[in-house]
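Below: one structure, written as structure tokens.
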Amino acid sequence: MTDNFDAIISRNTLFWLLITNVAILSPLHQQATLWSIGICAICFVWRVGIFLGKVAAPPKLLVTTLAIGAATTLALVSSQIGLLNALVNLLILGYALKYIEMRELRDVKAIVLVGYFLIGLTLLDQQSMLNTLHLLAVAVLNTGVLISVYQDKSNKVANLSFSLKIILQSLPLAILLFVVFPRLGPLWLVPNMKTAKTGLSDEVSFGDISKLTRSAELAFRVGFDNPDGSTLGPANQDLYWRTLVMENYDGKTWRQDPSIQQIQRQAYFNKPMRQAPNNVANANANANASSKKIDYVVISEPSHQKWLYGLDEAFSQDDQVVELADYRLYSLRPVDQRMSYRVTSYPETIMDLKLDSHTQQLNLALPANSNPKTRKLGLQFAKDYPDQQARINAMMNYFAEQAYYYTLSPPRVGEQQIDDFLFENRAGFCAHYASALVFMARASGIPTRMVTGYQGGDYNAKAGYYSVYQYMAHAWTEVWFEGQGWQRFDPTAMIAPQRVLDGFDATFDSQSSYLQDSPFSTLHMKQYPWLNELRQQFASVDYYWSVWVLGFDEQRKQQVLAKLLGDVSSTKIALLMIVSFIIIALVIAYYAGLFNVDRHQDPLNKRYQLICQRLAKKGIARQQGQAASDYAAAVNAHLSALTPQVAADFTALSDAYVALKYQPLSESQTQQQQQRFRQLYRRLRLRLLRN
């Protein structure tokens, strides 16, 4: 088949282009600027007018002016939207402007090619199961445009059906390569998109975490790999997902220490490392710590941050994850899409058996002239309880013994935040109580720091995993004792023990917290057992997609190959690929008609050949390579005198056959010729039988 680059674009192709244009660009609306969206809308409306015959194609000068103006605007705002966003917008605009100025089939093919690039670009950012199925459908539409270029006589359903068949035929090969191909790291660095960050921040004020309790968004999911094959994790009161450690306090805001921030900035080029307990040779206190470990897989939702989640003390063998000195996990790249990583935690490990002077002073520091009442209370605890362990226990009991309340909407505080909370308002959220405990402990001479993360998890028994949502964000404290290291103390457990023991929903009403601003959240279904069952089923399917597709790492690949091949070897993998390639090639060849299976023969050819065979029996055989029109002339010469009606009908049949096979017809003309061909075929078949 040869390309006719100068051929006119058929209405069939124009119709598919209208649909495909919207389908390709709509998933990219979050990355597109208002200027890009406006130009795309103008181009689409203009193309609709061309399709309906209301307007002519725009002059090239107008298209060029729009392109230059759009490129200049993107160059000016690229620093605000990010380099990658600017490049995405440039590709979107190129697609839209090429779409409006196309005049020949070569332009259609260029648009289809750019469309595939945009689909792939969208898939990099949107990898959930539903988004992937949606983009697969868009790929079918885009392929349908290309098919319509070569089969413009076919109806719209036939183009779509053929496109779907091509995509389905390519899936076995894609699955094979996905399973057996080595898992490679990124070959280049992609500039980050400037996207709104979600979840916890590296700065915490009193109201920050309580704001997250109004969010029903999923933060991450966790699947535990227990030695006995079960999927249950630790009890809810032990599910403290460490995310950030705050050691600097200025009287209003908790922040990370600058030394840790510096390590984070250099992590990509100078990877920090912590030794796992079973690799520590000279730490007697950690000798038995490695005997109890917890293995699990975390699937993080896009947060556009770099901090990750893990139970104490967390280690990961993932190449894109490092362990920081404050016992956190940290990603080398922003989590701009779902990220799966394996973690091993050692809950009995002692964290920092010894403290260096800098860390000790850092976690004893308090801002000058800040919260004098709380400072005085801390000094009083130091006087009454010389033993540090007893002192912290007394501080914890203080919250339980006094009239304090746990609320998502605490009263406002003044300049002396902790004083106002402890002695005036007596109502607050987790950050209030954690801040107060850290301040009192530091004032009494005990190194203490704040830790933020998430507490608890919603267990899905259907698929055996935990879902952790933004409303489960939490803050607690860590206190350092000589010979014991950092120990976790959560004052929230003294005020609202059910929050820690049974989860967020045991303490607060979901309708007045995380569901209040999320009217379309599927978590509303939790109120209805049968709907909640359906919700969990859908969530389970999405979880399996995340584990076995997005999280298909080298370890899972080896598991699959071991089930298929037994002992995995390069020879067996090569044989598997060769056999699979042969089977796939045979199936494609079969459907392509390379085996000349009669039942897949074109009905038009089949009927025409049947009439030719009956004429051959009467002594008028068609020569090999003889054109249909030449054969019709030969039949007419032999039969015009004997059976003029048969000769006339066969001439008319041949004309209809040639028109349907080789002439460019509109949809209505095609239907007319098909009807005429069927009538002549039935008439000739009967007359040839009689004669």
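The values are calculated or read from the model by the stated rules, or taken from the named source; none is laboratory data. All of these numbers come straight from a predicted model, not from anything done at the bench. Reconstructed Cβ throughout: ideal geometry from the backbone, glycine too, with neighbour counts over all protein chains shown.
In a residue-by-residue description of the stretch 61-71, the property of being assigned by TED's automatic domain parsing to the domain that holds LEU141, closer than 17 Å to ASN142 by Cα and not hydroxyl-bearing (Ser, Thr, Tyr) applies to no position. Screening VAL55 on (1) aliphatic (A, V, I, L, M); (2) crowded, with 19+ Cβ neighbours inside 10 Å; (3) more than 24 Å from the chain's Cα centre (by Cα) shows it passes everything except condition (2).
Identify all residues within the stretch 560-580 that are among the hydrophobic types (A, V, I, L, M, F, W, C) and touching a residue at least 40 places away in the same chain (Cβ under 8 Å); write none if there are none.
To start, the set of residues in the stretch 560-580 that are among the hydrophobic types (A, V, I, L, M, F, W, C) comprises 560-562, 564-565, 568, 573-579.
VAL560, LEU561, ILE573, LEU576, MET577 - these are the residues of the stretch 560-580 that are among the hydrophobic types (A, V, I, L, M, F, W, C) and touching a residue at least 40 places away in the same chain (Cβ under 8 Å).
The conditions of being within 15 Å of ILE620 (Cα to Cα) and modelled with pLDDT of 85 or more are not met by ALA659. Within the stretch 91-105, residues that are outside the structural domain of THR72 (by TED's automatic domain parsing) reach no partner that is surrounded by 20 or more Cβ atoms within 10 Å (Cβ to Cβ) and not in a helix (DSSP H, G or I) with beta carbons closer than 6 Å at six or more positions or on different chains.
Within the stretch 149-163, the set of residues being farther than 19 Å from PRO664 by Cβ and either crowded, with 18+ Cβ neighbours inside 10 Å or modelled with pLDDT under 80 (or both) comprises VAL157, LEU160, SER163.
What about ASN605, is it closer than 19 Å to LYS661 by Cβ and either in contact with a Cys (Cβ under 9 Å, 6 or more places away or on another chain) or modelled with pLDDT under 80 (or both)?
It is false that ASN605 is closer than 19 Å to LYS661 by Cβ and either in contact with a Cys (Cβ under 9 Å, 6 or more places away or on another chain) or modelled with pLDDT under 80 (or both).
Quick test for you: out of LEU66, LEU76, LEU61, LEU113, pick the one residue that is surrounded by 15 or more Cβ atoms within 10 Å (Cβ to Cβ) and part of a helix (DSSP H, G or I). Going through LEU66, LEU76, LEU61, LEU113 in turn, just one is surrounded by 15 or more Cβ atoms within 10 Å (Cβ to Cβ) and part of a helix (DSSP H, G or I): LEU66.
What helices (runs of 4 or more DSSP H) completely inside the stretch 341-421 contain at least 2 residues that are touching a Pro at 6+ places or on another chain (Cβ under 7 Å)?
Details: elements: 357-362, 372-384, 388-401.
So the answer is 388-401.
Of the residues that make up the stretch 70-80, is at least one out of contact with any Gly (no Cβ under 6 Å at 6 or more places or on another chain) and closer than 20 Å to LEU105 by Cβ? Among the residues of the stretch 70-80, not one is out of contact with any Gly (no Cβ under 6 Å at 6 or more places or on another chain) and closer than 20 Å to LEU105 by Cβ, which makes the answer no. Pull up the stretch 236-249, narrow it to residues that are in a helix (DSSP H, G or I) and in contact with a Gly (Cβ under 9 Å, 6 or more places away or on another chain), then point me to the one that is surrounded by the most Cβ atoms within 10 Å (Cβ to Cβ). Per the criteria, the residue is ASN236.
Suppose the filter is at pLDDT 85 or above, in contact with a helix residue (DSSP H, G or I) (Cβ under 8 Å, 6 or more places away or on another chain), more than 24 Å from ALA637 (Cβ to Cβ) and surrounded by 15 or more Cβ atoms within 10 Å (Cβ to Cβ); does THR651 pass it?
On the way: at pLDDT 85 or above: yes; in contact with a helix residue (DSSP H, G or I) (Cβ under 8 Å, 6 or more places away or on another chain): yes; more than 24 Å from ALA637 (Cβ to Cβ): no; surrounded by 15 or more Cβ atoms within 10 Å (Cβ to Cβ): yes.
When the stated conditions are applied, THR651 does not pass them.
Do you know which residues across the stretch 549-564 are assigned to a helix (DSSP H, G or I) and either of a type in the set (Lys, Arg) or more than 16 Å from PHE220 (Cα to Cα) (or both)? VAL549, GLU554, GLN555, ARG556, LYS557, GLN558, GLN559, VAL560, LEU561, ALA562, LYS563, LEU564 - these are the residues of the stretch 549-564 that are assigned to a helix (DSSP H, G or I) and either of a type in the set (Lys, Arg) or more than 16 Å from PHE220 (Cα to Cα) (or both).
Scan the stretch 330-340 and tell me whether some residue there is in contact with a Phe, Trp or Tyr (Cβ under 7 Å, 6 or more places away or on another chain) and either assigned to a loop (DSSP other than H, G, I, E, B) or surrounded by 20 or more Cβ atoms within 10 Å (Cβ to Cβ) (or both). Reasoning before the result, please.
Residues of the stretch 330-340 that are in contact with a Phe, Trp or Tyr (Cβ under 7 Å, 6 or more places away or on another chain), as a first pass: 330, 332.
In the following step, the residues that additionally are either assigned to a loop (DSSP other than H, G, I, E, B) or surrounded by 20 or more Cβ atoms within 10 Å (Cβ to Cβ) (or both) were identified as 330, 332.
Yes.
Residues checked against (1) among the basic types (Lys, Arg); (2) under 16 Å from ARG488 (Cα atoms):
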site	(1), (2)
ASP352	no, yes
LYS383	yes, no
ASP387	no, no
ALA394	no, yes
ARG426	yes, no
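Cβ-Cβ distance below 7 Å, separation of 6 or more or different chains: which pairs start in the stretch 365-390 with a residue that is more than 17 Å from GLN417 (Cα to Cα) and end on one that is part of a loop (DSSP other than H, G, I, E, B)? Close Cβ pairs satisfying both conditions: LEU379/SER444; PHE381/SER444; ALA382/SER444; ALA382/GLY445; GLN388/ILE446. Taking the criterion of being touching a helix residue (DSSP H, G or I) at 6+ places or on another chain (Cβ under 6 Å) and crowded, with 16+ Cβ neighbours inside 10 Å, the residues of the stretch 523-541 that qualify are MET525, LYS526, ARG535. Take the conditions touching a helix residue (DSSP H, G or I) at 6+ places or on another chain (Cβ under 6 Å) and farther than 14 Å from LEU437 by Cβ and apply them to ASP387. Does it pass? So ASP387 fails the test. Looking only at residues in the stretch 608-624 that are assigned to a loop (DSSP other than H, G, I, E, B) and small (Gly, Ala, Ser), the one that is modelled with the highest pLDDT is ALA621.
Every residue, every condition in (1) loosely packed, with under 13 Cβ neighbours inside 10 Å; (2) in contact with a strand residue (DSSP E or B) (Cβ under 6 Å, 6 or more places away or on another chain); (3) part of a strand (DSSP E or B), yes or no:
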position: SER215; (1), (2), (3): no, no, no
position: ARG221; (1), (2), (3): no, yes, yes
position: PRO234; (1), (2), (3): no, no, no
position: GLY251; (1), (2), (3): no, no, no
position: LYS271; (1), (2), (3): no, yes, no
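Screening ILE166 against (1) in contact (Cβ under 8 Å) with a residue 24 or more places away in the chain; (2) crowded, with 16+ Cβ neighbours inside 10 Å leaves a single unmet condition, (1).
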